[in-house]
Amino acid sequence: MLRNKSVSVKAEKPNVLLIYTGGTIGMVNDPKTGSLKAFDFRHLSSQIPELERLNVSLDTVSFPEPVDSSEMNPRLWAAVAQQVYDNYAQYDGFVILHGSDTMAYTASALSFMLQGLQKPVILTGSQLPIGTIRTDGKENIITAIEIAADRDENGQAKIQEVAIYFEYSLYRGNRTTKVSASHFEAFKSPNYPELAIAGIQIAYQLRESYTQAEEPVFFTDFDNRIALLKVYPGFSAEIYAGIFNPELVKGIVIESFGAGNVPTDLKFQQLVSDYLAAGGVILNITQCSTGMVDQGKYQTSSFFSKIGVTGGRDLTTEAAITKMMYLIGKYPDRDTVIRKLGENICGEMSL
Ligand code: ASP
């Protein structure tokens, strides 16, 4: 579904594949409607002549129909992962241009789809379209490409995982969340330090690697029969009763208060225990942006630990949802799904 277009090929330079999926970075104003719409990727490369001056060989591929990232889904995540996987041997690194709105979901999904990477897969985008004078897109793309091409003195990639580069910071993809709809500094990694800061030099702060395999382990068969429930004071268990049906919903992510607490509502407790007894899986994450779930610390979460809800520690919502889709898609056995929900698979969770 993606087509190839070579910008320049110089074998002695590191080579990077740029994958354009859509988003503001490649958008222009539609004079008819006044709203932003995606434009042909060839215009993007002509917008950044600086790319030719990088010491990198760059090839580009594009979604035939670039999308606003609100349209992303497991099928499109799989298309991006496939593109990386199919080209893995030919390139030193990959840059994915993507809308910022759901970039953290795609980065999290790709981290589960492409485990054991020994090469960088860097997502980036922008808050302002590339054609506007104050765009943040140029710096984001250029530095993302530099990072994707960067090697240490032994020729090993400096970054060997899925990451997001935005506004001078490189973050672990599955730790990142979009925090601002208007600031250039649109992302944060609240529970994990930056992988690199781009100043005059790109200062890498090397972290433990999750690379266990020689080759990437590729799996894209995610199961999206899951639900997300954010509790709030006054929420009515009856209104949400429909999702506690294991025939329809294989797993539920609950966003709870603080260290994993929910109201001690007997109807809610009944729904939760019936759902688990009937084969469902529940992952409890916190609505707080920092800190982690500690089930049983308060009486308002002890029910969860007694009944078999899995504590998601410091998972972001994006990582929790994609981890659930990945595990339910991969493991038919419920006990394995529950065990793996509690494990750190690819750097997404602190233990
Ligand atoms: N709506 C756009 C998108 O996520 C916003 C952006 O690119 O930053 O595709």
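The amide H of D68, built 1.01 Å from its N in the peptide plane, has G23 as neighbours under 5 Å, considering only residues 5 or more places off or on other chains. If only the Cβ of Lys and Arg carry +1 and only the Cβ of Asp and Glu carry -1, the dipole of region 197-329 around its Cα centre is close to 340 debye. Using Cβ point charges alone (K and R +1, D and E -1), the dipole size of region 86-193 about the Cα centre works out to roughly 260 debye. For the set K13/K119; K230/K330; K230/K323, the pairs lying more than 19 angstrom apart at their alpha carbons are K230/K330. Histogrammed with a bin width of 5 Å, the alpha carbon distances of region 129-237 distribute as 2, 9, 16, 18, 16, 14, 11, 7, 4, 2, 1, 0 percent, first bin at zero. Fully extending the segment from N344 to I307, taken as 0.36 nm per residue of separation minus the present Cα-Cα distance, adds 11.1 nm. Does anything in region 89-123 have its amide N under 13 Å from the 7 Å Cα→Cβ label point of E215, and if so which residues? Answer for this model: 89-90. All C-alpha to C-alpha distances of region 181-250, sorted into 10 Å bins beginning at zero, yield P(r) values of 12, 20, 26, 27, 13, 1 percent in whole numbers.
Take the alpha carbon gyration tensor of region 113-158, find the square roots of its eigenvalues, order them as a ≥ b ≥ c, and report rounded if a/c is under 1.5; if not, report prolate when a/b exceeds b/c, else oblate. Oblate shape, in that a/c is at least 1.5 and b/c is the bigger or equal ratio.
In this label model, Q201 and Y232 are separated by 4.8 nm, measuring between points 7 Å along each Cα→Cβ vector. Distant-in-sequence amide contacts of L18, defined by a placed amide H-H separation under 5 Å and a gap of 5 or more residues or a different chain, comprise D59, T60, V61, V95.
Between the Cα long axis of helix 137-149 and the first principal axis of the chain there is an angle of about 90°, rounded to the nearest 10. Expressed to the nearest 5 percent, the antiparallel share of DSSP beta bridges inside the chain is 40 percent. Listed values for region 71-76 are Karplus-derived 3J(HN,Hα) couplings in whole Hz (6.51 cos²θ - 1.76 cosθ + 1.60, θ = phi - 60°), namely 8, 5, 7, x, 5, 6, and x replaces Gly and Pro.
Stretched out straight at 0.36 nm per residue, the stretch from K297 to R225 would grow longer than its current Cα-Cα span by 22.9 nm. The Cβ shell under 12 Å around T102 holds other residues with a net charge of -3, Lys and Arg each +1, Asp and Glu each -1. Taking all protein chains into account, the per residue accessible area for the chain stands at 44 Å² (1.4 Å probe). Annotation for region 44-63 versus region 254-306: alpha-carbon center distance of 48 Å.
For region 12-119, GluC sites (Glu not before Pro) are listed when DSSP marks them as loop and at most 11 other Cβ atoms sit within 10 Å of their Cβ; the list is E12. The protection proxy used here, the mean number of other Cβ atoms lying within 10 Å of each residue, ranks peptides 278-285, 318-325 as follows, highest first: 318-325, 278-285. With the cut-off at 1.5 for a/c, could you classify region 158-303 from its C-alpha gyration tensor as rounded, prolate or oblate? Prolate shape, in that a/c is at least 1.5 and a/b is the bigger ratio. Specify the angular offset, from 0 to 90 degrees and rounded to the nearest 10, of the alpha carbon long axis of helix 266-277 from the longest principal axis of the alpha carbons in the chain. In the chain, helix 266-277 runs at an angle near 70 degrees to the longest axis. Considering the dipole of the chain built from charges on the beta carbon (Lys and Arg +1, Asp and Glu -1) around the Cα centre, which of L114, Q83, V309 is farthest to its positive end? Of L114, Q83, V309, it is V309.
What shape does the chain have by the C-alpha gyration tensor, where a ≥ b ≥ c are the square roots of the eigenvalues, rounded means a/c under 1.5, and otherwise prolate means a/b greater than b/c and oblate the rest? In terms of gyration-tensor shape, prolate. Mean-square fluctuations from a GNM of the chain, with a 10 angstrom spring cutoff on Cα atoms, peak among I96, I159, I197 at I197. Peptide packing for 100-113, 303-316 was compared via the average number of neighbouring C-beta atoms within 10 Å per residue; ordered from the highest value, the list is 100-113, 303-316.
Compared with the alpha-carbon gap, the fully stretched path from L248 to F184 is longer by 19.1 nm at 0.36 nm per residue. Overall, the chain carries a charge dipole of about 320 debye about its Cα centre when +1 sits on the Cβ of Lys and Arg and -1 on the Cβ of Asp and Glu, all other atoms neutral.
In the chain, the DSSP-assigned H stretches of four residues or longer account for a calculated mean residue ellipticity at 222 nm of -7500 deg cm²/dmol, using -39500 (n - 2.57) per stretch and the full residue count as denominator.
The values are calculated or read from the model by the stated rules, or taken from the named source; none is laboratory data. From a predicted model like this one, the values you see are computed outputs, not experimental measurements. Positions of Cβ are generated from backbone atoms using ideal geometry, with glycine treated the same way; all protein chains shown enter the neighbour counts. SASA here: full protein model, heavy atoms, side chains in, ligands and nucleic acids out. Shrake-Rupley method; radii C 1.70, N 1.55, O 1.52, S 1.80 Å.
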